[in-house]
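**Q** Before I ask anything, let me first share the structure, which is written out below as structure tokens.
The values are calculated or read from the model by the stated rules, or taken from the named source; none is laboratory data. These numbers were taken from a predicted model, which means no experiment stands behind them. Glycine also receives a Cβ, built like all others from the backbone with ideal geometry; neighbour counts cover every protein chain displayed.
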């Protein structure tokens, strides 16, 4: 297997810290002596910046909780993915992962997995888990990592984790190629691919992002492969957890391959060409190796905390494990060169994993205040507010005195009951501020506008919206447009018919139709406001749609399209040409029944958001 770090010179967790770097970096004899003096001073105990150190070395130990291993992996070796994915947290708007919260909750799970693996013999480990590691095309690697975990040797565990992440990246790339896609250059791009999410599930890919896929998470792959982490800074439990995750991925992949009747083919390994050219280098004899070890121990090129890696590299060389030796030396070569670079250019911060700079912070602050005006999400907000404002005018429309004496039908009573039940459920998801919600029975009189306006004022992430988000927003906009059309038609018809009523220009049947319209409008007003409230609530939680399975998503879309179909028919029935108000009420009852049934199933985005928030409270 061919593995190598990505960049030999100053690297970081995704980007390097900028600074004033002199153009002249060449070393003369005098500067070489000065550099040696600089390197002798070794004041930095870690190359991890404080936030990164906190993330890797502390955060996963904050929650003290004993997990039963049977909740994480069964006796047969089946990984319980729901238990693991339940520990992954998301931001309040579900726009991105909450990496700190996720690491905090996953810490005890990793501890349980680590204790479990250490309790197994090598034979038990291979019997239980080896079959699920064949998909990596390098199953012989994992007994080595298991032995490293048993040894409790920091360099061996770090080396095992580096090899594991390289193997995993290669295997995931093979899965992507199986699906007809080119494998991206960066691991983070691989982990966010829709194709892998379709195979393993988006929650599972989010777990991997927490461990190896983002500079905001543990980022174990990069901090090791770029030589930032010392042997003592990588908790062994994270290596154990990565082993179990690889097992779980193998189980999920097997199910997918059986369902689709596909066969995973591995890409050929990279073969080193022109090896004869390496013959120009002299052999390293035992005597030379002894001299090199003495030089290593006294070299200012090597930081003391990294010395165990060098010792492990020499041991690997003596054991003819040349690939292991190369992996260790390449990462430490980068760390050493970065140290020289920082000393020569007097920028010690380049030794640390990079953090967000002031300039980037300013741009981020500006971006935080940005609000899109022409994005479909913004257009939908304007649409909802405009429609709500037009419905507010309905009570001010002139009505005949006979309208006050009209008696509600049983169908109207049924509709009102549905509105009450649906509203009670929606109100559970409104922000409880300033007395907006009065119990669970309804909004106080005149507070509909305030509730909808507050929801429409909630910031929503609009950059890089997934296709599913835009698809749902499109349907919601269509519903909003039909509601606005109904509102305009009702207002126009009410004014026209009232004028004709006053002027006595309506025939007997037209007078009855007008009275039907007046009684219907009293019901349609709260119904349309209910739909607008539903739109606003779903819009606030729009990014939760990514948490639905393909089947759940299609059911959700089907529900929204049924609401759209109702509003389209309502537009037709309330037009001045048709004036079918009794039919409009029948339509409304059927639509409200569907809405009530769907809310009872807890399948709306507001319900997903509540589940996610509940996890965050654990």
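**Q** Being under 27 Å from residue 351 (Cα atoms) and surrounded by 19 or more Cβ atoms within 10 Å (Cβ to Cβ): is that true of residue 171 here?
**A** Values: under 27 Å from residue 351 (Cα atoms): no; surrounded by 19 or more Cβ atoms within 10 Å (Cβ to Cβ): yes.
Spelling it out, it is not the case that residue 171 is under 27 Å from residue 351 (Cα atoms) and surrounded by 19 or more Cβ atoms within 10 Å (Cβ to Cβ).
**Q** Identify the single condition in (1) closer than 27 Å to residue 91 by Cβ; (2) at pLDDT 95 or above that residue 215 does not satisfy, given that it satisfies every other one.
**A** (2) is the only condition that residue 215 fails.
**Q** Mind checking which residues of segment 297-331 are within 14 Å of residue 155 (Cβ to Cβ) and over 43 Å from the mean Cα position of the chain (by Cα)?
**A** 319, the sole residue that qualifies.
**Q** Could you say whether any residue in segment 533-546 is at pLDDT below 90 and within 30 Å of residue 459 (Cα to Cα)? Walk me through it before giving the result.
**A** Initial filter on segment 533-546 (at pLDDT below 90): 546.
Pick out the ones that are also within 30 Å of residue 459 (Cα to Cα) and you get 546.
The answer is yes, given that some residue of segment 533-546 is at pLDDT below 90 and within 30 Å of residue 459 (Cα to Cα).
**Q** Another question about this same structure. List, please: which pairs have Cβ atoms under 6 Å, are six or more places apart or on different chains, and start with a residue in segment 575-599 that is assigned to a loop (DSSP other than H, G, I, E, B) and end with one that is surrounded by 15 or more Cβ atoms within 10 Å (Cβ to Cβ)?
**A** Note: pairs meeting the criteria are 575/489; 576/493; 579/513; 580/573.
**Q** Here is a check on your reading of the model: is residue 130 without any contact (Cβ under 8 Å) to a residue 60 or more places away in the chain, under 32 Å from the mean Cα position of the chain (by Cα) and either within 13 Å of residue 267 (Cα to Cα) or part of a helix (DSSP H, G or I) (or both)?
**A** Values: without any contact (Cβ under 8 Å) to a residue 60 or more places away in the chain: yes; under 32 Å from the mean Cα position of the chain (by Cα): yes; either within 13 Å of residue 267 (Cα to Cα) or part of a helix (DSSP H, G or I) (or both): yes.
Yes; evaluated as a whole, the condition is true for this residue.
**Q** Another one. From 576, 603, which residue is surrounded by fewer than 18 Cβ atoms within 10 Å (Cβ to Cβ), more than 30 Å from residue 87 (Cβ to Cβ) and modelled with pLDDT under 90?
**A** Values: 603 fails: more than 30 Å from residue 87 (Cβ to Cβ).
Result: 576 is the single residue among 576, 603 that is surrounded by fewer than 18 Cβ atoms within 10 Å (Cβ to Cβ), more than 30 Å from residue 87 (Cβ to Cβ) and modelled with pLDDT under 90.
Yes/no per residue for (1) buried (at least 23 other Cβ atoms within 10 Å of the Cβ); (2) part of a loop (DSSP other than H, G, I, E, B); (3) touching a helix residue (DSSP H, G or I) at 6+ places or on another chain (Cβ under 9 Å):
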| residue | (1), (2), (3) |
| --- | --- |
| 463 | no, yes, yes |
| 474 | no, no, yes |
| 487 | yes, no, yes |
| 495 | no, no, no |
| 513 | no, no, yes |
| 522 | no, no, yes |
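**Q** Only one of these is under 49 Å from the mean Cα position of the chain (by Cα) and over 30 Å from residue 380 (Cβ atoms): 478, 519. Name it.
**A** Result: 519 is the single residue among 478, 519 that is under 49 Å from the mean Cα position of the chain (by Cα) and over 30 Å from residue 380 (Cβ atoms).
**Q** Further question on the same structure: Return the total of residues in segment 141-169 being over 22 Å from residue 311 (Cα atoms) and modelled with pLDDT under 95.
**A** 0
**Q** Could you list all residues from segment 502-511 that are in a helix (DSSP H, G or I) and more than 59 Å from the chain's Cα centre (by Cα)? Before the answer, list the steps.
**A** Looking only at segment 502-511, we keep the residues that are in a helix (DSSP H, G or I), and these are 502, 508-511.
Selection gives 502, 508, 509.
This table checks each residue for (1) in the same structural domain as residue 227 (by TED's automatic domain parsing); (2) surrounded by fewer than 21 Cβ atoms within 10 Å (Cβ to Cβ); (3) under 23 Å from residue 111 (Cβ atoms).
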residue	(1), (2), (3)
127	yes, yes, no
132	yes, no, yes
144	yes, yes, yes
147	yes, yes, yes
161	yes, no, yes
182	yes, yes, no
